Structures are given as C-alpha cells and as structure tokens.
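Chemist: There's a structure below that I have some questions on.
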Amino acid sequence: MFVQLIENAAKVLVYEPIRDESLGDLWELDYQLKTRQTPKLIRLIKTLWTFLQIVRASVILLFEEQIIPLIQSSHNTSFLDHDQLIDRTDNSLQGKVLTSEAIAEVRRYCNTRRLYNPTLSRKLLNYSPTPYIYWIRQCDRIIEKCQERGHKSIDTEAIVNSFILSNLLRKIEAIPPHQINLEAFKGFVQDVPLTDAFLERYVAFDRQSYGRQLICRTWSLAVYAISWMPGQESWLHHHGHALDAIKVIRGEMTHWIVSPGDCEGDVPFEGFSRSKRYEGPAQVFTTGDLVLIDRGVGHQISNRSSENLVTLHFRFGHPPEDNHWRTTSDTEMLVWKQTEGCFDLMPPDRDCVFHQP
Amino acid sequence: MGKLKPMGNLKPPSLPTVLEEAIMLSILERPRFGQNIVEVVSAASDGTCQISCGTLYPALRRLENRGFIRAERSEANLAVRRGHNRCYYAVTDQGREVLNNLEAMRHQIKKYDKAPEFLT
C-alpha cells in the first residue's frame with residue numbers, strides 16, 4: 001500500500017528523467033534499513049524524507065532544464081524581427097535540411113515533450129510558425145510510435161541521433177550504388193555529427209577480444225562501434241566489394257593499409273578464420289581522425305597504446321560476419337523500420353519489454 | 001613559476017563545485033550508482049559531508065550535461081529496487097582532465113602563497 005502510494009505519487013511529483021533511478025535508490029535504501037532491523041516507524045519516516053528530497057531535486061531540475069530555458073528562449077524570440085522570422089521559415093520549409101540548429105531544436109522539443117503534450121509543447125516553445133516544423137513533426141511521429149509500443153520515456157538522444165543517421169542514409173540511397181566511390185563515401189560520412197552521449201551506449205570492452213556493436217543496418221549501410229582494449233587487434237583482412245570509413249572516437253589507433261602486392265601471398269577476406277598479422281609500416285590515428293578503406297584493399301587495426309580505443313565504422317556494403325559481434329539483447333540498437341510510407345530509425349520492440357516494471 | 005594548463009573552453013561557472021568534485025572523485029576509480037555515491041562520500045568524510053537526494057540528482061545531471069560524467073543504466077538488483085534500473089555514473093576523459101587541472105591549480109596556488117612578497 002505504502003509502496004504503491006509512493007510509486008503513484010512519483011508519477012506526478014518526480015521529474016521523469018530521474019524518476020526511475022531515484023525510486024530504485026529509494027527502495028534500495030529502504031531495504032538496507034530493513035536488513036539492519038530499523039524500527040518500522042523510523043524506516044517509514046526516512047523513506048518519506050528521502051522521497052521529499054527527490055521531489056525537491058525534481059523541482060530544481062524542472063526549473064534548471066525546462067522553465068529557465070523557456071523564459072530565455074521566449075525572451076530571445078521576442079527580439080527577432082518579424083520579417084526575419086518569416087524569411088527563416090520559408091527557407092527551412094523548402095530545404096528540410098538537418099542543420100545543427102534543427103538538431104538543437106529537436107533536442108529542445110523532445111525535452112519539452114517529456115512534460116507536455118504536442119500542442120502545449122509547441123505553444124511553450126513559441127512555434128507559430130517554426131522554421132523547423134518538418135523535424136518537429138518527425139519527432140512527434142517517432143514519439144507516438146514509441147509510445148504506442150509501450151515506451152514510457154522519451155529518449156532524446158536516440159531520436160536526435162536517429163535523425164542524423166536517417167539523414168545520412170537518405171543521402172547515400174539517393175545515389176545509385178555503383179556511383180559511390182571512396183571519395184563520394186568520404187563526403188557523406190566525414191561530418192556525421194553523432195553525439196558522444198549516444199555513441200557511449202555502444203562502448204563495451206571485453207578482455208577476450210575486441211567487441212563490435214551494431215548501431216544500425218540497412219541494405220546499403222551498416223554503422224557500428226568497436227571497443228578495443230590495449231593490445232587488442234584485428235588481423236590482416238580486406239572487405240571485398242565493401243567500402244569502409246573508420247572514425248576514431250577516442251584513443252589511439254595504429255593502422256596498416258596493405259595493397260595486395262605489399263605482403264607475401266593474398267590478403268585474406270574478413271571472416272571467422274584467423275588470418276595473419278602484417279608487420280609493415282603503420283600510421284597512428286587519434287580522436288576525430290577518419291580513415292577510408294577502398295574496395296579490395298587490405299588493412300589491419302591495432303590498439304598499441306595503453307588506453308582504451310573506440311572506433312566508429314561506416315560500412316557501405318555487407319557488414320562483417322565473424323564472432324566479434326556483441327549480443328544486442330541488453331543494449332540499444334536503432335532499427336530501420338517502415339512507418340507510414342517512409343522509413344525511420346526506431347528503437348527496437350524489445351525496448352518496450354525492457355522498460356516494463 | 002610554471003604555467004597552468006589551459007582548461008579548454010571552460011568558463012568559471014562550468015568548473016565543478018566542491019560537492020560536484022566530491023561526487024566526481026567518488027566515481028573516479030569505478031562507476032557507482034546514486035545511493036552508493038552518497039555512502040562513499042559520507043564514509044570518506046567520516047560523516048561530515050552528507051549529500052541528500054535533493055542535491056545529488058541535480059548535481060549528477062549538471063555534471064552529465066557538461067560532459068564530465070556519463071551515465072549507464074543497468075538492471076542490477078531489480079527485486080530490491082522494485083523493477084527500477086540502477087544508473088551507474090563514471091567520469092569521462094573530459095572530467096578526468098578537469099579534475100587534474102583543478103589539482104594542478106590548487107598546487108600552483110599553494111606554491112604562489114609561499115613565494116616571497118616581492119615576487120607577488
């Protein structure tokens with residue numbers, strides 16, 4: 001009865017982004033008191049006190065993250081010249097380009113939607129009209145789909161990054177595959193602004209060997225992150241007819257590019273079988289560097305530093321088939337899914353099971 | 001006197017407060033969840049520094065928003081937590097750099113204080 005009362009009160013009084021963890025911590029504290037055989041009345045008072053503190057935290061966060069930015073943004077908008085606003089609206093509605101401003105606006109809108117319905121959110125954010133209405137509508141569509149499938153919270157980071165990846169996929173798929181060469185592929189992937197907070201979800205180190213975590217996959221493109229502990233390495237291989245772009249997210253990557261004539265015998269195709277190690281001259285890449293591997297060219301990656309290495313891979317073509325994939329049952333992954341006449345990157349169905357109490 | 005390392009683009013309000021620094025130090029070596037952070041800080045300060053939930057969660061969110069720490073949800077101890085996830089926090093590389101810089105700044109200030117008056 002008391003538990004249910006607190007849980008129900010939390011739905012109204014506790015700020016959604018901290019609700020899950022703070023209530024868990026509250027019950028864990030309560031359990032500790034119980035195991036220490038604290039009298040029931042004291043336990044009750046302590047739990048209530050902690051709950052009040054969580055409500056206090058919610059009020060502070062609500063002001064810091066929602067109300068103050070709203071006041072500031074409405075103050076800034078009131079200074080905008082009317083003609084300037086109309087001009088901005090026309091331009092953006094024509095283009096539907098995912099600019100950094102549009103990304104920031106999507107983020108702000110998702111945060112507001114955590115608390116309010118679409119109409120109130122748009123009103124509060126002064127969207128009449130907004131230059132980013134196309135992206136706001138996309139946001140509503142994804143949120144609605146997720147809620148239909150039982151998602152209880154709005155995952156801003158997943159939505160923002162799914163738009164970034166969708167944008168990339170649409171650009172790539174607008175061109176016939178045989179026309180995409182290494183230079184064109186570089187142009188597509190070099191400035192994909194996936195956020196660190198999003199990529200961190202895919203980082204998982206394994207002492208046994210490097211681990212690969214799929215972010216999304218379509219018929220043309222696979223995006224995945226690989227986590228390398230010091231000393232871990234891929235052996236020499238090539239990717240057949242696929243193009244590959246590797247971005248260093250953090251750490252130091254030692255990399256070898258090997259054309260077939262550079263080593264004795266053939267460079268093997270990637271796969272389950274253990275290939276050979278190449279010991280020729282290497283290049284070292286650090287955070288932010290992008291390396292491109294052309295079709296049929298051999299390469300080898302190693303983490304020869306003392307720090308962990310994380311790399312992000314864009315594969316135009318079939319992704320590798322080997323035993324370095326991590327199981328995805330415990331992590332997020334975006335699924336390219338058909339929704340209302342077009343494709344969107346959506347969090348997978350199992351998330352609704354994952355978030356059920 | 002050696003120069004302080006530049007603190008990137010951080011403006012003074014972006015530097016962690018004493019409480020935030022204590023939180024970051026408690027998760028420097030290994031990730032911890034909210035209640036665990038409270039216990040560690042309390043034990044390390046012999047009970048003199050008690051962080052309440054009302055202060056802890058906003059501080060964690062601020063640190064996360066500034067990129068000093070990162071959060072990862074885990075389904076640990078679900079039975080005791082009545083189905084709620086644990087959220088483990090760990091210091092990011094940027095957070096480590098800020099802590100190192102703060103340490104260096106303290107060291108420099110102490111050295112500065114000991115310098116002869118004519119130098120100041």
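Chemist: Does B:LEU4 satisfy the condition of being assigned to a loop (DSSP other than H, G, I, E, B), out of contact with any Lys or Arg (no Cβ under 6 Å at 6 or more places or on another chain) and either modelled with pLDDT of 90 or more or closer than 17 Å to B:LEU99 by Cα (or both)?
Modeler: So B:LEU4 fits the description; yes.
Chemist: Considering (1) surrounded by fewer than 18 Cβ atoms within 10 Å (Cβ to Cβ); (2) within 25 Å of B:THR92 (Cβ to Cβ), say which one A:TYR210 fails and leave the rest.
Modeler: Only one criterion in (1) surrounded by fewer than 18 Cβ atoms within 10 Å (Cβ to Cβ); (2) within 25 Å of B:THR92 (Cβ to Cβ) is unmet by A:TYR210, namely (1).
Chemist: Test B:SER26 against the criterion of being surrounded by 13 or more Cβ atoms within 10 Å (Cβ to Cβ), at pLDDT 90 or above and more than 14 Å from every other protein chain (Cβ to nearest Cβ), and give yes or no.
Modeler: yes
Chemist: Specify the residue that is nearest to the chain's Cα centre (by Cα); the eligible residues are those in the stretch B:21-57 that are among the β-branched types (Val, Ile, Thr) and under 19 Å from B:ARG86 (Cα atoms).
Modeler: Only one residue fits best here, namely B:ILE23.
Chemist: Next question. How about the stretch A:94-117: which of its residues are surrounded by fewer than 21 Cβ atoms within 10 Å (Cβ to Cβ), in contact with a helix residue (DSSP H, G or I) (Cβ under 6 Å, 6 or more places away or on another chain) and not in a helix (DSSP H, G or I)?
Modeler: Correct list: A:LYS96, A:ARG114.
Chemist: Which condition does A:ASP155 not pass, out of (1) at pLDDT 80 or above; (2) among the charged types (D, E, K, R); (3) over 16 Å from the mean Cα position of the chain (by Cα), if it passes all the others?
Modeler: Just one mismatch for A:ASP155, condition (3).
Chemist: Here's something else I'd like to know. Determine the pairs where a residue that is at the interface with chain A (Cβ under 9 Å from one of its Cβ atoms) and surrounded by 17 or more Cβ atoms within 10 Å (Cβ to Cβ), located within the stretch B:39-62, has a partner that is in a loop (DSSP other than H, G, I, E, B) and modelled with pLDDT of 90 or more with Cβ atoms under 6 Å apart, the partner being 6 or more residues away or on another chain.
Modeler: As it stands, the answer is none, since no pair meets every condition given.
Chemist: Another question, then. With the condition kept exactly as written, say whether any residue in the stretch A:118-129 is closer than 30 Å to A:LEU23 by Cβ, within 14 Å of another protein chain (Cβ to nearest Cβ), modelled with pLDDT under 85 and part of a helix (DSSP H, G or I).
Modeler: No.
Chemist: Kindly establish whether B:HIS84 is farther than 12 Å from B:LEU25 by Cα and more than 9 Å from every other protein chain (Cβ to nearest Cβ).
Modeler: No, not satisfied.
Chemist: Tell me whether the stretch B:90-102 contains one or more residues that are modelled with pLDDT of 90 or more and more than 28 Å from A:LEU309 (Cα to Cα).
Modeler: no
The values are calculated or read from the model by the stated rules, or taken from the named source; none is laboratory data. Because the structure is predicted, anything quoted here is derived from the model rather than measured. As a convention, Cβ positions derive from the backbone with ideal geometry for all residues, glycine included, and neighbour counts pool all protein chains shown.
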